[in-house]
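Some notes on the structure that comes next.
The values are calculated or read from the model by the stated rules, or taken from the named source; none is laboratory data. This is a predicted model, so every value here is computed, not measured. For neighbour counting, all protein chains shown are included, and Cβ atoms are generated from backbone atoms with ideal geometry for every residue, glycine included. What goes into the accessible areas is simple: the full protein's heavy atoms, side chains included, and nothing from ligands, DNA or RNA. Shrake-Rupley method; radii C 1.70, N 1.55, O 1.52, S 1.80 Å.
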Amino acid sequence: MKIIVILKQVPDSETKIKVKGDGSGIETDGIKYVISPYDEYAVEEALKLKEKAGGDSTVTVVSAGPDRTVESIRTALAMGADAAVHVNDPALEGADSLGVARALAKAIQDNGFDIIFAGKQGIDQDNSQVPSAVAELLDIPQVNIIAKFEITEDKSKATVSRRIEGGEETIETSLPALFGCEKGLNEPRYASLPGIMKAKKKPVKTVDLAGLGLDAGEVGAAGSHVKILKWIPLPERQAGKILQGMETAEASKELVRLLREEAKVI
Amino acid sequence: MGEQRESMEVDVLIVGGGPSGLATAYHLKQAAKRHDEAIEKAGVGKKVGELSIAVIEKASEVGAHMMSGAVMDPVGINELMPDWLERGAPIESPVKKEVVYHLTEKGGFKLPLVPPPLQNHGNYVISLSKFIRWLGPIVEGEGVDIFCGFPGTEVLYDGNRVIGVRTGDKGIGPDGSKRSNYEPGIDLMAKVTVFAEGVRGNLAKPMIKKLGLDAGKNIMSYETGVKEVFEVPEGQIEPGFLMHTSGYPSRKDATGGSWLYGMQNNLVSVGWVVYLDYRDPLLEPHTEYQKFKNHPIVKKMLEGGKPVFYGAKALASGGYYAMPRLSFDGGLLVGEDGGFLNNKRLKGIHLAFKSGMMAAETIIEALEKGDVTRETLANYEKRFERSWAGKELYGSRNFTAAMSKGFPFPAAIHLAAQEATGGRGLIDPLPVAHTDAHALASLTEYYNDANAMPERPKYDGKWMLDKVSDVYISGTIHEEQQPPHLKIGNADICQQCWVKFRSPCNRFCPADVYEMALVNEQTKERAMQIRFSNCVHCKTCDIKCPFDNITWTPPEGGGGPNYTVQ
């Protein structure tokens, strides 16, 4: 089976994001970049499927981003993926979800695929659009936010579960298909030290938009339908208040009063 | 339970990707090249060939656990990489202006002259984490494998010969059970293992004991530094400005000192260091730092600013007479694992670089001879004694002992005599007064009150940050689903400690990890609670627990602070 994982590199969730003074973006200095956590579930599920499917199954990571993205790609290779395609083109800087999806879809098509895993969303901009757009462009079914994954013996169908309000939804789909992975699907493995050594020798193919036969003016930032006008930092959090030196009953009363009169939330 | 562990062989294994570890790796590559070229030319001798060198680092990225003042004497990096400045090494500024103050509680005065050991002309203000983040990829570019997120948890021996290091397991749950993604650590086997863990290395500590490397040496003494990086209004403090202070809030039985360094982008490194031989069981380095910061002279300098980064780290300040034996069968100690720190000059980065270089040269010699026993590796110590690093540390050999007598007096008398005699002073070696970090006075001894509990300062979340808020700006994070990496030897001892000392761990820990928490209102029962995910890896607890009841072990790889400009 040709198993594909779509991977995005994002700032670590612990990074304190600072918006640039002019609101044109974020300060990238000192940011630690990691694989978007939901994409780690995608990598793990792909590796589990490979182990199950056996034979000559391969896991190929496909990712779009600048040079630094290679580090995250190598991490996925160290976890056990076999190869990677890195779409690296400055024109993609600032491209909208559809543009990125076009580039990824073309790279996946060129590589060939039987099944695709992606994170349900990137944790940086939380658009949650790329996986669906890739599936649409490749004209295959897609199920997003999956928390369970099963495949039939003959690998023609997959049964997946989604957590929904008050229950669980079970969906069966034919393959090839794309799946957006949710927390709880699995516990991503660690990259082992020998795995990291092996990853250094695994092939990472770098392509630009021209190499994919795509027009940078159309797919890149220049052709974006969506433009980010301004980044605004969150207002700074005010210091909390601790009610001290009161009996529980008195403190509760005071808390209710503050919630009603000061915070105006009840 | 014979568990199958993978093993991997390398020529040289280096534990720790800080200045000494990276210098060892970089210089090994350079020295091996030069060595083989010389052999080629001469036509005789044995080449060492392309060395396989692995560096393991517990942080998630190279540099993420690096914390220092820092003013660097460039003598070390100049030797290691003469074109370091041209290659774009990040510096904050050359030292431009320096002042030394002696502070009293409300006032103070500027010393008319900067004492010679503190003269920093020609040195550079740097951020050590930035510097190491820059150096790491260069070392990797030389063909060194750096594995981040892999702490060493055990030294592997063949008898008394060090043959490698086991890395930490990953994927262990809080109750010690294996999670579905359990990944056992591996055995890294090496001809020579270099320990470059920094202060109080978790591998070096038991190894020094086992191999008797500290026999006949002074007890290693330690200090703990607490630091905030301030953002101040534009132009208020120029990059390259240096201030050191003595006096307040130092006490006779708790000597300390401060620094304040101007960095780029209106950032200022501000810190307080306290000697860990203090006797007050309730002394709190974090609070002492707050006192310093709130001294009128300091407060005025930082006016309008706010802390934006935090860090804390112990340092091995014992100096020459406390340095352990540096070589043994199969391995070497470099950097702070070997006590390479000149407390008198408040510097160690240059010595760390130099120790790594000397280790590398010795390793090449050993590999050429095919003898990695102490017989050959002891040449590292000879190199050290002959080097400028050896001379510098020998020159300061009695400094710590003088300070242990109590500052300013009588320490100053010893220091003056040492200054005049090239370090010899009045007595050489000068006996150390009480550098043993465990020597705490009980509450009744110190306070004459079995229930003493000095108040903490008032925190406002802006200028005054409590420990937890400071930990937040240190970028510290740990996998929560793991057992605490801070191991309490015996819980009953914590009960005795509460009675006698009121749990000093709660006070000395600069990251609010320890609390002897009231668990039963009725019985007044208390139990030790360990918030291990706050730990900034400073190692103070491992040093200062009066009962030696805390052992610092590495958490799951990658956990810890994320220092970026600290």
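In region B:437-463, the residue that is nearest to the other protein chains (Cβ to nearest Cβ) out of those that are out of contact with any strand residue (DSSP E or B) (no Cβ under 6 Å at 6 or more places or on another chain) and surrounded by 16 or more Cβ atoms within 10 Å (Cβ to Cβ) is B:TYR459.
Applying the set (1) touching a Gly at 6+ places or on another chain (Cβ under 6 Å); (2) open to solvent by 20 Å² or more (accessible area, probe 1.4 Å) to A:ILE31 leaves exactly one unmet item: (1). If you go through region B:243-275 and pick out every residue that is touching a Lys or Arg at 6+ places or on another chain (Cβ under 9 Å), open to solvent by less than 20 Å² (accessible area, probe 1.4 Å) and in a loop (DSSP other than H, G, I, E, B), you end up with 1. Candidates in region B:178-202 are the residues that are small (Gly, Ala, Ser) and within 13 Å of another protein chain (Cβ to nearest Cβ); of these, the one that is nearest to B:GLU368 (Cα to Cα) is B:GLY185.
Looking at A:GLU187, A:GLU172, A:GLU254, A:GLU168, just one residue is part of a loop (DSSP other than H, G, I, E, B) and acidic (Asp, Glu), and that residue is A:GLU187.
Conditions (1) within 30 Å of B:LEU276 (Cα to Cα); (2) part of a strand (DSSP E or B), marked per residue:
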site: B:ILE163; (1), (2): no, yes
site: B:ASP175; (1), (2): no, no
site: B:LEU188; (1), (2): no, yes
site: B:LYS191; (1), (2): no, yes
site: B:VAL199; (1), (2): yes, no
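Scanning region A:215-256 for residues that are of a type in the set (S, T, N, Q) and without any contact (Cβ under 8 Å) to a residue 40 or more places away in the chain, we see that the one that is nearest to A:GLN129 (Cα to Cα) is A:GLN238.
Just one of the listed residues (B:VAL75, B:VAL95, B:VAL99, B:VAL62) is in contact (Cβ under 8 Å) with a residue 24 or more places away in the chain and within 14 Å of another protein chain (Cβ to nearest Cβ), namely B:VAL62.
Yes or no: B:LEU426 in contact (Cβ under 8 Å) with a residue 24 or more places away in the chain and either part of a loop (DSSP other than H, G, I, E, B) or out of contact with any helix residue (DSSP H, G or I) (no Cβ under 6 Å at 6 or more places or on another chain) (or both)? No, not satisfied. For first residues located in region B:166-177 and open to solvent by 20 Å² or more (accessible area, probe 1.4 Å), partners that are among the hydrophobic types (A, V, I, L, M, F, W, C) and lie 6+ apart or on another chain with Cβ distances below 7 Å form the pairs B:ARG166/B:LEU156. Candidates B:GLU479, B:GLU525, B:GLU515: the one that is within 14 Å of chain A (Cβ to nearest Cβ), over 19 Å from the mean Cα position of the chain (by Cα) and of a type in the set (Asp, Glu) is B:GLU479.
Taken residue by residue, region B:22-37 has at least one member that is polar (S, T, N, Q) and surrounded by 14 or more Cβ atoms within 10 Å (Cβ to Cβ). Out of B:GLN482, B:GLN418, one residue alone is in a helix (DSSP H, G or I) and surrounded by 20 or more Cβ atoms within 10 Å (Cβ to Cβ). It is B:GLN418.
In this structure, A:ILE228 does not satisfy being exposed (fewer than 11 other Cβ atoms within 10 Å of the Cβ) and either within 30 Å of B:MET8 (Cα to Cα) or not assigned by TED's automatic domain parsing to the domain that holds A:VAL87 (or both). Scanning region A:183-201 for residues that are open to solvent by 20 Å² or more (accessible area, probe 1.4 Å) and in contact with a Leu (Cβ under 6 Å, 6 or more places away or on another chain) yields nothing. Quick check on B:ALA38: is it among the aliphatic types (A, V, I, L, M) and either within 23 Å of the chain's Cα centre (by Cα) or within 14 Å of chain A (Cβ to nearest Cβ) (or both)? So B:ALA38 does not fit the description; no. Scanning region B:38-84 for residues that are buried (at least 16 other Cβ atoms within 10 Å of the Cβ), in a helix (DSSP H, G or I) and of a type in the set (Asp, Glu) yields a single hit, B:GLU79. Each residue in region A:99-120 was checked for being without any contact (Cβ under 8 Å) to a residue 60 or more places away in the chain and either at positive phi or surrounded by fewer than 21 Cβ atoms within 10 Å (Cβ to Cβ) (or both), and 1 of them qualify. Would region A:190-205 turn up any residue that is touching a residue at least 60 places away in the same chain (Cβ under 8 Å), within 14 Å of chain B (Cβ to nearest Cβ), assigned to a loop (DSSP other than H, G, I, E, B) and not small (Gly, Ala, Ser)? So far as region A:190-205 goes, yes, one or more of its residues are touching a residue at least 60 places away in the same chain (Cβ under 8 Å), within 14 Å of chain B (Cβ to nearest Cβ), assigned to a loop (DSSP other than H, G, I, E, B) and not small (Gly, Ala, Ser). Test each condition in (1) more than 17 Å from B:GLU140 (Cβ to Cβ); (2) modelled with pLDDT of 95 or more; (3) not in a helix (DSSP H, G or I) for B:ILE14 and report the one that comes out false. The number of the failed condition is (1). The residues of region B:464-479 that are part of a helix (DSSP H, G or I) and either open to solvent by less than 70 Å² (accessible area, probe 1.4 Å) or of a type in the set (A, V, I, L, M) (or both), listed by number, are B:LYS467, B:VAL468, B:SER469, B:ASP470, B:VAL471. Residues in region B:145-161 that are assigned to a loop (DSSP other than H, G, I, E, B), among the small types (Gly, Ala, Ser) and away from chain A (no Cβ under 11 Å): B:GLY159 only. Test B:TRP498 against the stated conditions and say whether it is in contact (Cβ under 8 Å) with a residue 12 or more places away in the chain, away from chain A (no Cβ under 14 Å) and aromatic (Phe, Trp, Tyr). Yes; evaluated as a whole, the condition is true for this residue.
Among the criteria (1) part of a helix (DSSP H, G or I); (2) open to solvent by less than 20 Å² (accessible area, probe 1.4 Å); (3) farther than 25 Å from A:SER192 by Cβ, the one A:GLU136 does not fulfil is (2).
Kindly evaluate B:LEU135 against the criterion of being open to solvent by less than 10 Å² (accessible area, probe 1.4 Å), of a type outside the set (D, E, K, R), in contact with a Leu (Cβ under 6 Å, 6 or more places away or on another chain) and in a strand (DSSP E or B). No: the conditions fail for B:LEU135. Considering only residues of region A:55-98 that are of a type outside the set (A, V, I, L, M, F, W, C), in contact (Cβ under 8 Å) with a residue 24 or more places away in the chain and under 17 Å from A:LYS2 (Cβ atoms), which is most open to solvent (accessible area, probe 1.4 Å)? Only one residue fits best here, namely A:GLY55. On the basis of being among the hydrophobic types (A, V, I, L, M, F, W, C) and assigned by TED's automatic domain parsing to the domain that holds A:GLY65, does A:ALA251 make the cut? Spelling it out, it is not the case that A:ALA251 is among the hydrophobic types (A, V, I, L, M, F, W, C) and assigned by TED's automatic domain parsing to the domain that holds A:GLY65. Taken over region A:34-49, the residue count meeting the criterion of being outside any helix (DSSP H, G or I) and open to solvent by less than 20 Å² (accessible area, probe 1.4 Å) is 2.
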